[in-house]
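Asker: Next up is a structure, given as structure tokens.
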Amino acid sequence: MSTALALLTFGPDGAADGHRLVDPEVPQLHVTELAATRGDGVFETVGLLDGRPLKLARHLARFAESARMLDLPAQDPSVWSAALHAVAALVGPGDAYVKLVLSRGIEGGDTPTGWAFATPHPPFDDVHRDGLRVVLLDRGYRHDVAQTSPWLLQGAKTLSYAINRAVYREAARRGADDVIFVSSDGYLLEGPTSTLVLRRGQSLVTPRADLGILAGTTQAEVFEWAAGEGYACSAELLTPDDLAAADAAWLVSSVRLAAPVSAVDGTPKPVDADLTTAINAHLRALAG
Ligand code: PLP
């Protein structure tokens, strides 16, 4: 099977209590579903290798945190994990991902909607070898927006990703492949679907997670591994000058894994092929 789909079922408290497998070719959502009409919900994308998830516990913890930030009903992670494994088992060997989606439900209703689907994706060997040409784009928010305006939900993995898609079109217009957001007061933030990691000698650094950015599960995993390999790992306030001065940079994420940055706003950046290979070997070995 190529894509597999499970719909979650919900109890009266709004927590999922089970799932049922359904035909992914058949439309399943109501037209007033708030995921579709408002992007009002949260999601996770979990990498799969041969049907086995990568760093699932980190994803389930972040899913719960995103739901909490949107005042959605608390969920039992084991129910979502069971749905994930059910669709993962059907997707077949190779590289794939599972998306877990929890929305506020149908307009005017009081029950969330949730589903999990697994689908294959092609390998990213070219990107891992050649890297990404990135452009820096102003996100328009100060670096302290998560503290001053928590209602903007910066740092939650919400379904409202139109901006995160629009910036890829802007990158393409500028002859680039990807984007690094910068705060309105000049600090490096994150990619539209990835976390920034810089190497300075034997140190790895990433932007601080309190800058209104998503706490990346891949970055957390890479730092834990790299610390054991002798790298000093830290989260800091970083500027575009830090990026220019870094020995190497990556955009890391759950499906594409560690993608080296090969140019920033048209200026070439060296690709660290050895560390890219080592990081991605570690990430793929996590499948369990
Ligand atoms: N930042 C944003 C905005 C994202 O959407 C993502 C993933 O999609 C990430 C960072 C990377 O997170 P992860 O490594 O958990 O996939």
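The values are calculated or read from the model by the stated rules, or taken from the named source; none is laboratory data. Treat the numbers as computed from the prediction; the structure is a model and nothing was measured. Reconstructed Cβ throughout: ideal geometry from the backbone, glycine too, with neighbour counts over all protein chains shown.
Asker: Within segment 206-234, track down each residue that is in contact with a Leu (Cβ under 9 Å, 6 or more places away or on another chain) and closer than 13 Å to TYR187 by Cα.
Answerer: THR206, PRO207, ARG208, LEU211, GLY212, ILE213
Asker: Let me confirm something: among ASP138, ASP144, ASP178, ASP185, which residue is in contact with a His (Cβ under 7 Å, 6 or more places away or on another chain) and farther than 26 Å from TYR231 by Cα?
Answerer: Criteria check complete, one pass: ASP185.
Asker: Just name the residue that is surrounded by the fewest Cβ atoms within 10 Å (Cβ to Cβ) out of those in segment 71-101 that are aliphatic (A, V, I, L, M) and farther than 20 Å from VAL255 by Cα.
Answerer: Looking at the filtered set, the residue picked out is ALA74.
Asker: Would segment 256-273 turn up any residue that is part of a helix (DSSP H, G or I), buried (at least 20 other Cβ atoms within 10 Å of the Cβ) and within 15 Å of the ligand (Cβ to nearest atom)?
Answerer: no
Asker: Using the structure shown, decide if VAL222 is surrounded by 15 or more Cβ atoms within 10 Å (Cβ to Cβ) and either without any contact (Cβ under 8 Å) to a residue 40 or more places away in the chain or over 18 Å from ARG62 (Cα atoms) (or both).
Answerer: no
Asker: Failed condition for GLY155, given (1) of a type outside the set (Ser, Thr, Tyr); (2) farther than 16 Å from GLU236 by Cβ; (3) touching a Pro at 6+ places or on another chain (Cβ under 7 Å), with all others met?
Answerer: (3)
Asker: Condition first: within 14 Å of the ligand (Cβ to nearest atom) and part of a strand (DSSP E or B). Now tell me which residues in segment 202-224 satisfy that.
Answerer: Selection gives THR206, PRO207.
Asker: Testing PHE181 on (1) of a type in the set (Phe, Trp, Tyr); (2) away from the ligand (no atom under 13 Å from the Cβ); (3) in contact with a helix residue (DSSP H, G or I) (Cβ under 9 Å, 6 or more places away or on another chain), one condition comes back false. Which one is that?
Answerer: (2)
Yes/no matrix, rows are residues, columns are (1) farther than 16 Å from LYS269 by Cα; (2) under 17 Å from the mean Cα position of the chain (by Cα):
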site	(1), (2)
VAL135	no, no
LEU152	yes, no
THR158	yes, yes
ALA162	yes, yes
PHE181	yes, yes
THR193	yes, yes
LEU196	no, yes
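Asker: Out of all the residues in segment 241-248, is one or more modelled with pLDDT of 95 or more, within 16 Å of the ligand (Cβ to nearest atom) and surrounded by 15 or more Cβ atoms within 10 Å (Cβ to Cβ)?
Answerer: The answer is no, given that none of the residues of segment 241-248 is modelled with pLDDT of 95 or more, within 16 Å of the ligand (Cβ to nearest atom) and surrounded by 15 or more Cβ atoms within 10 Å (Cβ to Cβ).
Asker: Where the second residue is of a type in the set (D, E, K, R) and the first is free of Cβ contacts under 8 Å to residues at least 12 places away in the same chain and lies in segment 240-251, which pairs have Cβ atoms under 7 Å and are six or more apart or on separate chains?
Answerer: Listed by first residue and then by second, the contacts come to nothing, as the list is empty.
Asker: Also, I was wondering about something else. Pairs needed: first member in segment 187-206, under 12 Å from GLN219 (Cα atoms); second member anywhere, among the aromatic types (Phe, Trp, Tyr) and away from the ligand (no atom under 15 Å from the Cβ); C-beta distance under 9 Å; at least 6 residues apart or different chains.
Answerer: Every condition considered, the pairs that remain are LEU204/TYR231.
Asker: Can you find a residue in segment 225-241 that is part of a helix (DSSP H, G or I) and under 21 Å from the mean Cα position of the chain (by Cα)?
Answerer: yes
Asker: Testing GLY39 on (1) on the phi < 0 side of the Ramachandran plot; (2) touching a residue at least 40 places away in the same chain (Cβ under 8 Å); (3) assigned to a loop (DSSP other than H, G, I, E, B), one condition comes back false. Which one is that?
Answerer: (1)
Asker: Something else now. How many residues are out of contact with any Pro (no Cβ under 8 Å at 6 or more places or on another chain), assigned to a loop (DSSP other than H, G, I, E, B) and farther than 20 Å from VAL91 by Cβ if we restrict to segment 1-26?
Answerer: 2
Asker: Next question, about the same structure. Determine which single condition VAL87 fails, assuming it passes every other condition in (1) within 16 Å of the ligand (Cβ to nearest atom); (2) in a helix (DSSP H, G or I); (3) closer than 30 Å to ASP125 by Cα.
Answerer: (1)
Asker: Continuing with this model, one more query. Test of understanding: among SER2, SER103, SER78, which residue is among the polar types (S, T, N, Q), in contact with a helix residue (DSSP H, G or I) (Cβ under 6 Å, 6 or more places away or on another chain) and within 29 Å of LEU257 (Cα to Cα)?
Answerer: SER103
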